[in-house]
Amino acid sequence: GIKCGGVLSAPYGNFSSPNFPGRYPYETECTWLIVVAEGSSVLLSFSHFELEYHAACAYDYLQVYNGAARDQGNLLGTFCGRSPPPPFSSAWHVMAVVFRSDRHVAKRGFAAAYRKDACGGQLTGLSGEITSPRYPESYPNNAECRWSIGGGSGGGPLTLVFTDFQVEGGQGCGFDYVALFDGPTTAAPRLGRYCGSTRPPRIVSSAPHLLILFKSDFNIGGRGFKAHFYSAGECQEVFTAVKGNLSSPRYPNFYPNNLKCQWSIQLPPGYRIKVFFLDMELEGRSSLTGGCDYDHLAAFDGGTENGSLLGRWCGRESLAPVTSRSNQLLLVLHTDRNTAKRGFSIAYVGVVPMNVSCTRTDFHIQIPVQSLAQLERNRIYLGTPSCAAQVVGRNFRIHTRFDTCSTESQKRNNTSVIVSTLYIDFSAGDREDIHQYEVQCEPKRKEASVTLIAGPDPSRLSQAENLVDAQQREGGATDAREIKSQDTSDIVFISICILAGLLMVIAVVGLVLL
């Protein structure tokens, strides 16, 4: 029967737990929805805080949400005990506060205050968006706004990207301007001061804090600016190892809302990148369009979003592996303001560039040395370590007969094929890391193929991909002459056939003459 919570729409105000400063009642749940003018943010602070303590705040607790929806992706924090929550600034004009008590142990509760902030604030999320006051309308005169970014769980450097910028210009930016500082205050090193209509460059802080200061004078305004930021680490990473794993922020817990995260995989020239989706659960498809209009993961061939789109996914799906056509691949996660899910876990492996061919009796394998420059030749072998590669010019080369190197004859689709396994050993120290490729030849047609069978996790790689495509065959054309020159078995076979034919002709002529 306790009345609590409600909608708070005044520009500023106070609220507290029921009965404060007395003890709050048992089995109570209250929700306060704070709504200020659109384009503003909510600043929330606590002057008193005392709730029942539990290590996981499983009994009595207070939760703060960045928006109206009680969605795990909007959750800024869950608090209990005697340590007050830090001050919060919402990413937009709505904030929700939820208080819950169980049937045991009541305390004095809390007292909080909020106010509308036309611009500026403390932003602690992994990513977010910042705009000048009234954007895209002209910003007001005599404005001063400070956005302090950082202090969240990401802990990595911050990247700031301006997508629109129009501020009154002037010599030395002495009128209206945006100044950036490499730290939480203006005492930190200044990263730049900008005005006019040219967008500032991408800014990367050296610390997990960044201060944005916007000032306007008494006349002449402009459209202002729009920028987004993201934290390195969980939300922005570059991978250069030949294989690796990555996941959405906070995985397997719910990812935050309002994210734009990028993971760039960059391998040496010649490599391609194969991505395996180990687990994925994002917000589902739009019921109106059937597309991934809300939260989604996209993959691009190359290092930017201008590259070819390899796929765009959402919902909960079992996905086949995806392979890039170049040595770079970009993964981008977009999340909107509500309905967060568990996220995703991904493994990738670099597909080593190689040319594989065969005759009726031999395998020929070539791998550019620059692709495996860190490896000794004995770390690359076919079947057994005794069949290690040789270094010939700029290539690792394996040339072996079918009756060696643990090759096997098998029947596949009613066709006789010769099969062996190529091992590339990337192991270092106590960490075993051996990639395996199945090498196959159909002797009658002299056609070879190679398939990745073990990379990031052999138990996950049930769906192997044939790696010989038109590009590799074209790449192997220059070495075909050398391989043909070594193929003496075919020449001997043809010579024997011609000789047998001549002997038969001589025998027939002899019989006729007799």
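The values are calculated or read from the model by the stated rules, or taken from the named source; none is laboratory data. The model shown is predicted, which means the values in this text are computed figures rather than measured ones. Every residue, glycine among them, receives a Cβ derived from its backbone with ideal geometry; neighbour counts consider all protein chains shown. Remember, those area values only see protein heavy atoms, side chains included, never the ligands or the DNA or RNA. Shrake-Rupley method; radii C 1.70, N 1.55, O 1.52, S 1.80 Å.
When the alpha carbon coordinates of region 371-442 are projected onto the principal axes, the ranges are 43, 30, 20 Å, largest first. Solvent-accessible surface of the chain, averaged per residue with a 1.4 angstrom probe and all protein chains in place: 49 square angstrom. A Förster radius of 60 Å, combined with the Cβ-Cβ distance separating Val105 from Gln374, puts the computed FRET efficiency at roughly 0.50.
Among residues other than Gln328 with Cβ under 11 Å from its Cβ, the summed charge is +1 (Lys and Arg +1, Asp and Glu -1).
Count the lysine pairs in the chain whose Cα atoms lie under 21 Å apart, taking only pairs 8 or more positions apart in sequence or on different chains. Lysine pairs meeting both conditions in the chain amount to 11.
For the chain, the dipole from Cβ point charges (+1 on Lys and Arg, -1 on Asp and Glu) about the Cα centre works out to 280 debye, to the nearest 20. Counting only the Cα atoms, region 236-351 fills a convex hull of 94 Å³ per residue. The modelled label-to-label distance for the pair Lys411/Glu137, using points 7 Å beyond Cα in the direction of Cβ, is 8.1 nm. Relative to the longest principal axis of the Cα atoms of the chain, the long axis of helix 488-513 lies at roughly 30 degrees.
Ordering Pro25, Gln390, Met504 by the projection of their Cα atoms onto the charge dipole of the chain, which places +1 on the Cβ of Lys and Arg and -1 on the Cβ of Asp and Glu, puts Pro25 at the extreme positive end. Arg377 sits among other residues whose Cβ lies under 14 Å from its own Cβ, and their net charge, with Lys and Arg +1 and Asp and Glu -1, is +1. Stretched out straight at 0.36 nm per residue, the stretch from Ala56 to Lys446 would grow longer than its current Cα-Cα span by 133.9 nm.
Work out how much length Ser386 to Ser197 would gain on full extension: take 0.36 nm times their residue separation and subtract the Cα-Cα distance, in nm to one decimal.
61.4 nm
Sequentially through region 292-303, phi angles give Karplus couplings (6.51, -1.76, 1.60; θ = phi - 60°) of 8, 8, 9, 6, 7, 10, 10, 10, 10, 7, x, x Hz, Gly and Pro residues having no value and appearing as x.
For the chain, the longest principal axis of the Cα atoms and the long axis of helix 477-486 meet at an angle of about 30 degrees. Between region 182-223 and region 252-320, the C-alpha centres lie 32 angstrom from each other. Database remark: amide H of Arg337 closer than 5 angstrom to the amide H of Asn258 (H placed geometrically; neighbours at sequence offset of 5 or more, or on other chains; Pro and chain starts carry no H).
Here are labelled values, (1) 1.39; (2) 1.04; (3) 1.08, and one is the computed Cα Rg over 2.2 N^0.38 Å for what I pasted. Which one? The calculated read-out lines up with (1). Mean residue ellipticity at 222 nm, helices only, the chain: -2500 deg cm²/dmol; runs of at least 4 DSSP H residues each add -39,500 (n - 2.57), and the sum is divided by the number of residues. Each residue, Arg360 and Thr304, gets one label point 7 Å from its Cα in the Cβ direction; the gap between the two is 5.4 nm. The portion of the accessible surface of the chain made up by carbon and sulfur, rounded to a whole percent, is 50 (1.4 Å probe; DNA, RNA and ligands excluded).
Treating r as the C-beta distance of Thr289 and Ile506 and R0 as 60 Å, the FRET efficiency rounds to 0.15. Fully extending the segment from Lys3 to Asn19 would add 4.7 nm, taking 0.36 nm per residue of separation and subtracting the current Cα-Cα distance.
Taken about its Cα centre, region 236-351 carries a charge dipole of roughly 180 debye when the Cβ of each Lys and Arg holds +1 and the Cβ of each Asp and Glu holds -1.
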